[in-house]
1. Could you say which residue among 229, 189, 225 is buried (at least 22 other Cβ atoms within 10 Å of the Cβ), over 23 Å from residue 41 (Cβ atoms), in contact with a Cys (Cβ under 8 Å, 6 or more places away or on another chain) and β-branched (Val, Ile, Thr)?
2. Starting from residues that are under 27 Å from the mean Cα position of the chain (by Cα) and free of Cβ contacts under 8 Å to residues at least 12 places away in the same chain, keep the ones in region 119-145 and report whichever is surrounded by the most Cβ atoms within 10 Å (Cβ to Cβ).
3. Could you say which residue among 375, 355 is in contact (Cβ under 8 Å) with a residue 40 or more places away in the chain, charged (D, E, K, R) and not in a strand (DSSP E or B)?
4. Please determine, by comparing only the residues of region 30-52 that are touching a Ser or Thr at 6+ places or on another chain (Cβ under 6 Å) and of a type outside the set (A, V, I, L, M, F, W, C), which one is farthest from residue 159 (Cα to Cα).
5. Give just the number: which of (1) open to solvent by less than 10 Å² (accessible area, probe 1.4 Å); (2) over 24 Å from the mean Cα position of the chain (by Cα) does residue 93 not satisfy?
6. Quick one: which helices (runs of 4 or more DSSP H) lie wholly within region 156-261 and hold at least 2 residues that are in contact (Cβ under 8 Å) with a residue 60 or more places away in the chain and more than 18 Å from residue 333 (Cα to Cα)?
7. Being farther than 30 Å from residue 95 by Cα, modelled with pLDDT of 95 or more and either touching a Cys at 6+ places or on another chain (Cβ under 6 Å) or surrounded by fewer than 21 Cβ atoms within 10 Å (Cβ to Cβ) (or both): is that true of residue 162 here?
8. Within region 265-292, track down each residue that is under 25 Å from the mean Cα position of the chain (by Cα) and surrounded by fewer than 20 Cβ atoms within 10 Å (Cβ to Cβ).
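The values are calculated or read from the model by the stated rules, or taken from the named source; none is laboratory data. Bear in mind the structure is a predicted one, so any value in this text is a computation, not a measurement. As a convention, Cβ positions derive from the backbone with ideal geometry for all residues, glycine included, and neighbour counts pool all protein chains shown. To get the accessible areas, we keep the full protein, side chains included, count just its heavy atoms, and leave off ligands, DNA and RNA. Shrake-Rupley method; radii C 1.70, N 1.55, O 1.52, S 1.80 Å.
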Amino acid sequence: MSKARMSIPKSEYLLRIAKIQEQMELEGIDLLVTHACECESSNVRYLSNFWAVFDFVGVLIPQQGSAMLLTGGPESYDFAVQFSQIDDIRIHPLYVETAAPEWDKPTDAYDYSKIFEEIGATQPIKTIGIANKNIIPHEIMKDIQKGAPNAKYVEAQKIIDDVRVIKSDNEIAILKEAYRITEQGFIETVDMIEPGVREWELEANWRSVAYKMGAEGTSYPIWVTSGDTTYQSLCKSSDKEIAVNSMVQFSVGAKYNGYCGNLCRAVVLGKISQKHEDMIKVALECETETFELMKPGVSFASVYDKFQKRLASNGFAGLNLYGPAHGTGLQECEGPWVDNRSDKVLMPGMVFNVDVWIADEQVGVRVEDGLVVTDTGIELFTGYRREIIRL
């Protein structure tokens, strides 16, 4: 019999909201609004354990009192009642999918004018913080401004980011399981690689293993690509048959209870160009060096500068997209980014993907593994065949 999935207790969700409210008070923000759609639900899931399916979702956090969850339509309302760790759930008519029906089931609907009138009866709404503002639909933003036309609107994503960046013990345990599933899926798929197998067949096998192990989905739209498309940083598994004398790029990740695992590996069949061999070798060296450098108190800039130095010394300067690591958690790729554009330092509880991508206009490679920063160094989440895998 399988075991139940790990979960995060309601008390931890309430603590997250309380931490955000503390910072809101320091910054003079009376109300914070965040948003979720199907492709980006991380803020809302972090605060409520609810995520967007078809309809949009919003969370409102007043400086004092309980948070509120908004979604559209009776279907999403019932879904939220089952999973949301925020008890106050309302239906907002604009939080529906594009092709929403006219429901026969009556619902109590709340627009922002009605919501702000209710909240404003007990506390002022002079300054409203907007998180992940780049994904809030125009019509919803207009309704927010209509409900509080005299309020000051400020950027508030950093408040949530600063709370999310240090993972709890519960989060780390769930992340480890996400990476375990991700890695096992690769282990049970890599031996399938042979000439004539199609890229999508390899992805399908990985998915089958991951779902049987308890994955709720994927961390991103995963892919397997090969040959003349390995230079693409983002891709899609295609009908292409794996050919001899080619490299196969795996980019896979299992989502487990909302948290994202990830693993990227290069597999070589036969003989590839020396340039491509060198590219994979240097990517692996960069990843290993980054592991060795990462420990509490080390500056992001020093890790980034060493990465750039190694690329340059091997003739690959300018062939990367960004620094050697980025945060991860409820999104596979989330802040902070390890680069030299800030004075940040590594701290215990931070979780990263060391993500080394090198490519020119013909070939490329990505190697990627997850880790958590501990009190004394790092703990790796994955490690299977961190090498040029030859078949």
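1. That would be 225, the only listed residue that is buried (at least 22 other Cβ atoms within 10 Å of the Cβ), over 23 Å from residue 41 (Cβ atoms), in contact with a Cys (Cβ under 8 Å, 6 or more places away or on another chain) and β-branched (Val, Ile, Thr).
2. Ranking the qualifying residues of region 119-145, first place goes to 141.
3. None of the other options fit; the residue is 375.
4. 48
5. If we test residue 93 against (1) open to solvent by less than 10 Å² (accessible area, probe 1.4 Å); (2) over 24 Å from the mean Cα position of the chain (by Cα), just (1) comes out false.
6. The qualifying helices (runs of 4 or more DSSP H) are 169-190.
7. No, not satisfied.
8. 284, 288, 289, 291, 292 - these are the residues of region 265-292 that are under 25 Å from the mean Cα position of the chain (by Cα) and surrounded by fewer than 20 Cβ atoms within 10 Å (Cβ to Cβ).
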